[in-house]
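Everything below concerns the one structure shown next.
A short reminder: the numbers here are calculations on the coordinates, not readings from a lab. Only a predicted model underlies this, so the values are computations on that prediction, with no experimental measurement involved. Every residue, glycine among them, receives a Cβ derived from its backbone with ideal geometry; neighbour counts consider all protein chains shown.
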Amino acid sequence: MKNNLINKFFFLFILGSIFSLSHASITEVHSLKEISLENKRPNMVVFLDVDENLLLNAHHTPQPFRYLAPSHQSHRLLEPDIAQTTTNIKYCVNGDSGKVFMFGLTKRCLNWGHKMIPDDGHEHLQQAGIPLSRQRFKHLDGTSLCGNPYAGFKNGVIYTAGQPKSIYASGFFKLTGIKPSRIVFSDDLMVNIDDMVQYGKKNNVPVEAYHMTRVPLLHDFVKGTKRDTRLPAHFDPDQYLHDHLDVFQAVAHQSVTEQFNFAQHHYLNHGKNEGRFSGYPQSFTPHNYLAKNHDLITYVQHNGLDPVTFAWSHYKQFGHRENRPF
C-alpha cells in the first residue's frame, strides 16, 4: 500500500513537471538574436523589455550601470542591428508580420510626476525602426490600463508604472481582445520572468521566456576581468561596434562574448592605428571642448549651429584624431 502511494505521488510529480515544461521554458541569453524563430504560431505575442534589453536610458538605467548610458544622449540602443533582429522575429510565422503581435513592455510610467509628464521611450524605439505593433492599436495611444493613470499603452509600448508586468499584459489583452497562442517574453530580471511564467500556467498559455544578461556581461567587459588592460579607460566594446558597423558586420552572427572580444582586439590591433573613435573621455564636456578650441566657437556662431550638439559631433568625427584639447 505504501509503495503504491509513493509510486502514485512520483507519477503525479513527473506529470506535473511535464505539464510545467510544456507550458514554460526559460533560456538564458546575451542577445535578442538568440530568440528562437522555430515552432512559432499565429497570434503569438512577443514582449520585449524596454530597459536594459533594448535601450539604456540615461534617466532610468540602474545606478550600478549608469556609466554605460551615454550622458550626451537620452538613450542608447544595446544592439546596433536590433531593428533587423526584431523584424526577423515579427516575420517568423510564415513570413507574415500580421500574425505576430510585438510590444515593448516596461515598468516605467506612461505619465510620471505630479504634472503627468509623458515618457518618450516609445519614440526612441520607433526612430530606431523597432517593428512594434503600433498601427493596428493606434486608436489606443494614451489609454490608461487597469485604472492606473500612470500606466497605459503608447505607440506599441505597454507601461506598467512599477506594477507586475503580467497584470498589465492581461489588462491589454482584455482591452484588445487578443487571445495569445504563445507568449515570448524577454527580461533581465528573473522576478519578472517568474511572474509571466505563472501567468501562462494559470491561463494555459505557453510561455517562452528569455533571461537577458547583456548588461551584466557588458559591465564585465568594461570594468571587469575580461577587459584588456591596454584599452583606454573609456573604451566600451558594445559602443565601439555601434559606432563602427563595418567592424560589427564581421562578427554579426557570432555570440555577444565573441563580439566583445573582437571589438577589443580590433581596436588594439587596427582601430587605434586607423584613428577610429573609441568613445568620449570621462572628463569630456561640450562646454570645455568649445572653450579650449576658439576656432570652433567662431564656426558655430558663423553658421548658427547648436553648440552642444556640434561639440559632441565634432569631437567624435575630427577632434579625437586632431588631439584637440577638451
_Counting only GluC sites (Glu not before Pro) that sit in a DSSP loop (anything but H, G, I, E, B) with at most 14 other Cβ atoms within 10 Å, what is the longest stretch of the chain containing none of them?_
39-321
*Once Cα extents along the principal axes in Å is worked out from the coordinates, which option in (1) 79, 64, 45; (2) 89, 46, 37; (3) 119, 38, 35 does it equal?*
(2)
*Over the chain, what is the relative contact order in whole percent, taking alpha-carbon pairs under 8 Å and six or more residues apart?*
18 percent
_Partners for K40 among lysines (Cα-Cα distance below 19 Å; same-chain residues under 8 apart left out)_ = K90, K99, K179, K201
*Neighbour-count ranking [beta-carbon atoms within 10 angstrom, fewest first] of M116, M196*: M116, M196
